[in-house]
Every structure is written in C-alpha cells, then in structure tokens.
Amino acid sequence: MVALTDHDSVSGWVKAEKAAKKLKEKYPQLKVVLGNEIYLCRNGLNAQNFNKNVDKYYHFILLAKDLIGAKQIFEISTRAWMRSYMARGMRRVPTYYQDLWDIISENQGHVIGSTACLGGALPTQILRGT
C-alpha cells in the first residue's frame, strides 16, 4: 500500500492513478491511497487577521478510504483554495477546522486524518498536556 499526498493539492491524483494502473500489472496487490497534506488552522484565519505570535498552519494529512472520501477531500481542498492568499512570499491555503466538520461529519468513515509532523496541533497539545 502506498499513500500519496501533495502539499495543499489534489492535482497529482490523476498522474498517481495512471502510474498505479501500470504498476498493478506487475504488482496486482498494489493499493494506492489518495490524500492531501493540508494546512489546518483556526476558523476564519486570513491575511488580514493573521497573528504571527498566535496563529499556526499545522500540517495535517487526509487520506481517502474510498471514492466518497476522495470526494470529501476534493471539496475540502476546493474550499481552502477559494480563500488562499499570499503572505510573506508564499501562497497560504488555509483549511479551517469547520471545513472538516462541515464536509465529513454528515458522512463519516471515509477519510483518515493524521498529523503530519511533531509540530502539529495534536502533538503540540499532547506535549503541553492540554
């Protein structure tokens, strides 16, 4: 099993599926899991209200378990890109906690979520004991 995620993008999914199709001829057990590495942040964060001393863009991984999950991740990505902005020389693509709730809560069980690094929201809270 191989999980593929781009940073704030699902555009590589088509290329990944094409490559997997070729590889499955030789390795029929191969399973490709499509996903996205998002910037998870507080609801409403944007260029005008970003506070560098408080706000964080936590790396968070979303993996689709099936077609429904892929559609949910695609919708989450679309929302984030619709509100993206330039800050300090780079494109910021904020995914709000509310996006996950809005899109996944009504049809749960199709997306796996995980922190992408030790500096993420969950590990930070665990290390702080909060």
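For the stretch 94-116, a tally of residues being open to solvent by 50 Å² or more (accessible area, probe 1.4 Å), outside any loop (DSSP other than H, G, I, E, B) and among the polar types (S, T, N, Q) returns 3.
Listed here are the residues, each with its yes/no results for (1) in contact (Cβ under 8 Å) with a residue 40 or more places away in the chain; (2) within 11 Å of Asp8 (Cβ to Cβ); (3) among the hydrophobic types (A, V, I, L, M, F, W, C); (4) out of contact with any helix residue (DSSP H, G or I) (no Cβ under 8 Å at 6 or more places or on another chain).
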site: His59; (1), (2), (3), (4): yes, yes, no, yes
site: Lys65; (1), (2), (3), (4): yes, no, no, yes
site: Phe74; (1), (2), (3), (4): yes, no, yes, yes
site: Ala80; (1), (2), (3), (4): yes, yes, yes, no
site: Met90; (1), (2), (3), (4): no, yes, yes, yes
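Tell me the residue from Gly35, Gly69 that is open to solvent by less than 30 Å² (accessible area, probe 1.4 Å), closer than 19 Å to Gly113 by Cβ and part of a strand (DSSP E or B), please. Going through Gly35, Gly69 in turn, the sole match is Gly35.
Contact map, the stretch 37-49: residues that are in contact (Cβ under 8 Å) with a residue 12 or more places away in the chain and under 21 Å from Val10 (Cβ atoms) paired with residues that are open to solvent by 50 Å² or more (accessible area, probe 1.4 Å) and acidic (Asp, Glu), Cβ distance under 8 Å, separation 6+ or inter-chain. Pairs shown: Glu37/Asp6. Across the stretch 56-66, the qualifying residues are those that are at pLDDT below 90 and outside any strand (DSSP E or B), and the one among them that is surrounded by the fewest Cβ atoms within 10 Å (Cβ to Cβ) is Lys56. Cβ-Cβ contacts under 8 Å between residues 6 or more apart (or on different chains), taken from a first residue in the stretch 2-13 that is touching a residue at least 40 places away in the same chain (Cβ under 8 Å) to a second residue that is aliphatic (A, V, I, L, M) and not in a strand (DSSP E or B), are listed as Asp8/Ala80; Asp8/Val93; Val10/Ile73; Trp13/Ala70. The lone criterion from (1) within 16 Å of Tyr96 (Cβ to Cβ); (2) surrounded by 14 or more Cβ atoms within 10 Å (Cβ to Cβ); (3) among the small types (Gly, Ala, Ser) left unmet by Ala47 is number (2).
Only one of the numbered conditions (1) open to solvent by less than 100 Å² (accessible area, probe 1.4 Å); (2) out of contact with any Pro (no Cβ under 7 Å at 6 or more places or on another chain) is violated by Asn53, and that is (1).
The values are calculated or read from the model by the stated rules, or taken from the named source; none is laboratory data. Predicted model, so just to flag it, every value in this text is computed and none were measured. Backbone-built Cβ (ideal geometry, glycine too); neighbour counts: all protein chains shown. All accessible areas refer to the heavy atoms of the entire protein, side chains included, with ligands and DNA or RNA removed. Shrake-Rupley method; radii C 1.70, N 1.55, O 1.52, S 1.80 Å.
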